[in-house]
1. Here are THR253, THR246: which of them is in contact with a helix residue (DSSP H, G or I) (Cβ under 9 Å, 6 or more places away or on another chain), of a type in the set (Ser, Thr, Tyr), away from the ligand (no atom under 13 Å from the Cβ) and open to solvent by 20 Å² or more (accessible area, probe 1.4 Å)?
2. Are there any strands (runs of 3 or more DSSP E) wholly within the stretch 120-235 with 3 or more residues that are outside the structural domain of HIS100 (by TED's automatic domain parsing), within 16 Å of the ligand (Cβ to nearest atom) and crowded, with 20+ Cβ neighbours inside 10 Å, and if so which?
3. Mind checking which pairs have a first residue in the stretch 166-192 that is of a type in the set (D, E, K, R) and a second that is in a loop (DSSP other than H, G, I, E, B) and more than 8 Å from the ligand (Cβ to nearest atom), Cβ under 7 Å, 6 or more apart or different chains?
4. For the stretch 94-119, how many residues meet the condition of being within 11 Å of the ligand (Cβ to nearest atom), open to solvent by less than 10 Å² (accessible area, probe 1.4 Å) and more than 13 Å from ALA190 (Cα to Cα)?
Amino acid sequence: MARTALLNVMVNTVRKVARSLVRDFGEVENLQISRKGPKDFVTSADLRVEAKLIEFLQEARPGYGIISEEAGETIGTDKTHRWIIDPIDGTTNFMHANPHFCISLALERDGVIHAGVIYNPITDELFEAELNRGAFLNDIKLHMSGRVNLADTLISTGQAELFIDPNSYYRRLAKAHTRSHGVRITGSAALDLANLAAGRSDCFWDNGIKIWDIAAGTLMITEAGGVLSDLDGGEFDINSGRIAATNTNLMPTFIEMLKIS
Ligand code: IPD
């Protein structure tokens with residue numbers, strides 16, 4: 001596939017920074033067996049990755065704004081563009097030497113997510129998408145699953161809602177488990193959305209999720225033919241923390257299932 005200059009910048013930046021992340025992961029594997037564990041090391045690895053991403057992106061596109069999980073927001077001189085960065089999505093997995101984590105990078109243009117890259121450097125799976133140009137996994141075009149019955153689906157979710165409304169979280173979880181093939185809580189919302197776009201699951205929801213966790217992933221979904229919604233079926237707002245993602249056939253029954261009153 002031919003990449004645009006923008007995606008080239010994003011993919012090259014993420015791949016370059018990921019090299020040191022792989023070395024850090026090796027170190028975590030060593031520290032994992034110590035009694036104290038690798039928590040402090042992981043925090044500094046997260047910050048190092050973030051600093052490098054920001055440095056390379058500012059070099060490539062000076063003036064763009066940035067919002068990033070650890071560093072917060074920097075307003076750019078170019079008000080139309082903003083990078084949205086999660087240096088390690090799946091930090092808890094990373095900390096436990098579990099290889100399910102990724103770098104997630106998105107570009108917002110005029111308030112719309114325009115491009116996204118999600119890269120797991122351990123599996124070497126690189127997901128990328130650009131508005132109206134499709135979503136790809138290691139150069140293969142992605143398509144959402146075509147399932148039509150909720151009973152045949154695999155669903156994924158996170159844990160954010162547990163900390164804001166545990167009652168709703170457990171009710172939704174119980175319903176999702178019993179009305180589908182099962183629920184997976186993988187610890188990386190970015191990879192959940194990327195894998196959903198790749199047809200490896202059928203539905204995803206979360207409540208209380210941050211923009212850097214989902215920005216790139218939401219574009220993977222729409223570019224793979226999927227749809228996004230608020231949890232009550234209303235319009236999706238990326239800043240609301242509320243997201244339901246699936247294919248067009250399943251969305252009505254999925255929203256019905258997510259209702260808790
Ligand atoms: C977390 C992951 C996880 C979700 C959490 C997020 P982080 O992001 O995306 O799947 O359940 O709400 O905070 O902290 O690993 O970047």
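1. THR253
2. Because the criterion is at least 3 residues that are outside the structural domain of HIS100 (by TED's automatic domain parsing), within 16 Å of the ligand (Cβ to nearest atom) and crowded, with 20+ Cβ neighbours inside 10 Å, the strands (runs of 3 or more DSSP E) in the stretch 120-235 that meet it are 154-157, 203-207.
3. ARG171/ILE260; ARG172/ILE260; ARG184/SER201
4. Counting residues in the stretch 94-119 that are within 11 Å of the ligand (Cβ to nearest atom), open to solvent by less than 10 Å² (accessible area, probe 1.4 Å) and more than 13 Å from ALA190 (Cα to Cα) gives 1.
For every residue, the table says whether it meets (1) in contact with a Ser or Thr (Cβ under 9 Å, 6 or more places away or on another chain); (2) in a helix (DSSP H, G or I).
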residue: MET1; (1), (2): no, no
residue: VAL9; (1), (2): no, yes
residue: ASN12; (1), (2): no, yes
residue: LYS16; (1), (2): no, yes
residue: GLY26; (1), (2): no, yes
residue: PHE41; (1), (2): no, yes
residue: ASP46; (1), (2): yes, yes
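Rundown of residues vs (1) part of a helix (DSSP H, G or I); (2) of a type in the set (Val, Ile, Thr); (3) in contact (Cβ under 8 Å) with a residue 40 or more places away in the chain; (4) open to solvent by 10 Å² or more (accessible area, probe 1.4 Å), yes/no style:
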position: LEU53; (1), (2), (3), (4): yes, no, yes, no
position: PRO62; (1), (2), (3), (4): no, no, no, yes
position: ARG82; (1), (2), (3), (4): no, no, no, yes
position: ILE88; (1), (2), (3), (4): no, yes, yes, no
position: THR92; (1), (2), (3), (4): yes, yes, yes, yes
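Conditions tested, residue by residue: (1) among the charged types (D, E, K, R); (2) in contact (Cβ under 8 Å) with a residue 24 or more places away in the chain.
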| site | (1), (2) |
| --- | --- |
| GLY217 | no, yes |
| GLY225 | no, yes |
| LEU231 | no, yes |
| GLU235 | yes, no |
| SER240 | no, no |
| ALA244 | no, yes |
| GLU256 | yes, no |
| SER261 | no, no |
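The values are calculated or read from the model by the stated rules, or taken from the named source; none is laboratory data. Keep in mind that this is a model prediction, so the values were computed, not measured. Neighbour counts run over all protein chains shown; Cβ positions are idealised from the backbone, glycine included. To get the accessible areas, we keep the full protein, side chains included, count just its heavy atoms, and leave off ligands, DNA and RNA. Shrake-Rupley method; radii C 1.70, N 1.55, O 1.52, S 1.80 Å.
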